[in-house]
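Chemist: Mind having a look at this structure? Questions to follow.
The values are calculated or read from the model by the stated rules, or taken from the named source; none is laboratory data. Small disclaimer: the values here were computed from a predicted structure and weren't measured. Virtual Cβ from ideal backbone geometry, glycine too; neighbours counted across all protein chains shown. Surface accessibility is based on the protein's heavy atoms, side chains included, excluding ligands, DNA and RNA. Shrake-Rupley method; radii C 1.70, N 1.55, O 1.52, S 1.80 Å.
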Amino acid sequence: MHVGQEMSFVENLRLDVRQQDGLAKAFASFAHRRRVKGLEGQGSRSFASQVAKPTGKEIKVPEALYGGTGNYASALFLTAAKGNVLDKVETEIKTVVEASKKSPMFSQFIKDLSVPKETRVKAITEIFAEAGFCDVTKNFLTVLADNGRLKYIEHIAERFVDLTMAHKGEVKVVVRTVIPLPEKEEKELIETLQDILGKNKTILVEQKVIDPIMGGLVIEFGQKVFDMSIRTRVKQMESFLRQPLEF
């Protein structure tokens with residue numbers, strides 16, 4: 001990509017996100033700066049090389065994650081925990097994901113590997129420095145850009161949030177119903193779940209109203225699913241009735 005093409009791309013990126021919240025100013029600022037000293041010519045980097053200095057307290061991930069996204073999420077968690085910036089990093093990573101959903105141009109930018117590595121790194125470095133992100137988040141996003149892994153940011157963010165929730169003793173519970181649960185029933189559900197999971201857990205309920213279940217409810221947390229929907233009961237009854245009778 002030539003300089004003219006690069007600037008055209010960046011200008012389009014700026015115009016696409018100028019109405020978005022949070023990062024608009026940072027994108028606009030990047031459009032006026034064409035070079036960042038010291039970034040060009042760098043090879044692929046490992047986030048491990050940018051981990052914060054140990055605090056003297058051993059920090060471990062609260063649960064083991066596997067695969068590429070799990071490795072990145074675990075590295076980010078350890079770095080943020082050692083730097084005592086877990087909450088800030090979580091907020092900033094979520095901001096990046098939301099920006100990718102709101103801005104088609106930004107979404108294309110992080111997914112398109114035809115964009116030269118130097119351009120990706122330059123853009124990410126300037127954009128998130130201008131947005132005031134902390135060093136841990138900026139370094140992490142720069143490494144993803146350098147390694148061509150920005151397109152996985154949403155999955156990495158999801159797994160990172162899983163780690164931060166586990167670290168804080170939080171459990172996300174998704175409840176699917178045809179109509180929203182009344183406040184009293186939600187409270188009773190939380191009390192029941194705390195009896196199961198432990199009083200030291202903080203239950204975070206997310207209600208999702210969907211018609212297909214026909215009635216009843218479906219509760220999901222962790223790897224567990226409790227399906228008490230009318231739709232499932234109807235299917236079970238239908239399966240039972242189709243079985244041959246034995247005399």
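Chemist: Just the number please: accessible area per residue for the range 96-183, 1.4 Å probe, all protein chains included, in Å². It would help to have the intermediate numbers written out before the result.
Modeler: Details: 3560 Å² over 88 residues.
Normalised by residue count, the accessible surface of the range 96-183 is 40 Å².
Chemist: Next question. Size of the range 178-227 along its principal axes in angstrom, Cα-based, largest extent first?
Modeler: Over the range 178-227, Cα extents along the principal axes are 34, 25, 14 Å.
Chemist: In the range 83-183, carbon and sulfur make up what percent of the accessible area (probe 1.4 Å)? Numbers along the way, then the final one.
Modeler: Values: 2090 of 4250 Å².
Here it works out to 49 percent.
Chemist: Another question, then. Considering only the other residues whose Cβ falls under 13 Å of the Cβ of residue 88, what net charge follows from Lys and Arg at +1 and Asp and Glu at -1?
Modeler: Within the 13 Å Cβ shell, the charges total -2.
Chemist: How much length, in nm to one decimal, is gained on full extension between residue 208 and residue 232, taken as 0.36 nm per residue of separation minus their Cα-Cα distance?
Modeler: So the extension gain works out to 6.9 nm.
Chemist: Leaving out ligands and nucleic acids, and using a 1.4 Å probe, what accessible area per residue does the range 188-235 come to in Å²?
Modeler: That works out to 68 Å² for each residue.
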